Amino acid sequence: MESQINVVQGELSEALESAQEVASYEPEEGKTVSATMMKKVLKALIDDLKEELGSSAEKEKQQYQKERDAITAIETRIKKYKKKLKELQDKLDLKLRLKRIGRDETEVETRGLIQQVETQIKKLNPDDKTDNTRINALNKDKKALNLRLSRIDEVLVTIGGQLTSTEAKTLIMQKLFDWVKMQLIRYLNTEKRLLISKIENLWNKYAVSSRELEVEREKALKTLNIFLDKLGYVG
């Protein structure tokens, strides 16, 4: 899901570049072009053309609207994926907690968090705009916690119950075994590389046998003697 979000965010960057080009928009120095900013720019251009008549103005307006719609559509997809990612993260967190501490402790912990949220809500004034925003956020948290509470038994079954002491010991030993194995393989690979290097050096040094060298030497001496004889140095 994180990978999909990254891909779509890449699409958003491309859409913003396209919109900038279509709108001939250059941001102020030091400012980054955001989706919100670009949509405002495009909307202003569309509004400016509302009173304009003619096919040229209509075509230009449609082009701006197309760019704006593309940005909005991508933003919607990003929000959808981020919501899904949050759900997956919450589900994974519940699985991990149940596996580690079991049903009873997880339930007590979750009910305690719900109580904390309810206490915070009671302290806030729903008629106050800032407090009301906070209340809405807290109610979302409470809803998520209640959902977690309702899923405990179902999730506990899917993960095979709480981790037992025997399973924990097995996992710890497996972790240690994997680490030791990795270190041994790394050590052996280092030794193998050294051995291969030494063999290669020996090969480079002794690839040509002494007999071959002697034959080559004899050939070279015969050739030298012929030259010396022609020059009158050999009687």
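The values are calculated or read from the model by the stated rules, or taken from the named source; none is laboratory data. In this text, all values refer to a predicted model and were calculated from it rather than measured experimentally. Please note: Cβ atoms are built from the backbone with ideal geometry, for glycine as well, and neighbour counts cover all protein chains shown. Each accessible area value is taken on the protein alone, full model and side chains, heavy atoms only, with ligands, DNA and RNA left out. Shrake-Rupley method; radii C 1.70, N 1.55, O 1.52, S 1.80 Å.
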The number of residues in region 124-139 that are among the basic types (Lys, Arg) and at pLDDT 90 or above is 1
Considering Gly232, Gly161, which residue is at pLDDT below 90 and within 30 Å of Leu92 (Cβ to Cβ)?
Gly161
Members of region 5-36 that are part of a helix (DSSP H, G or I) and in contact with a Leu (Cβ under 9 Å, 6 or more places away or on another chain)
Ile5, Ala19, Val22, Ala23, Ala35
What single numbered condition from (1) in contact with a helix residue (DSSP H, G or I) (Cβ under 8 Å, 6 or more places away or on another chain); (2) open to solvent by 80 Å² or more (accessible area, probe 1.4 Å) fails to hold for Leu163?
(2)
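Under the condition of being of a type in the set (Lys, Arg) and exposed (fewer than 10 other Cβ atoms within 10 Å of the Cβ), which residue from region 199-218 is farthest from the chain's Cα centre (by Cα)?
Ranking the candidates gives Arg211 first.
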So which of Lys61, Lys91, Lys39 ends up being at pLDDT below 90 and buried (at least 16 other Cβ atoms within 10 Å of the Cβ)?
Lys61
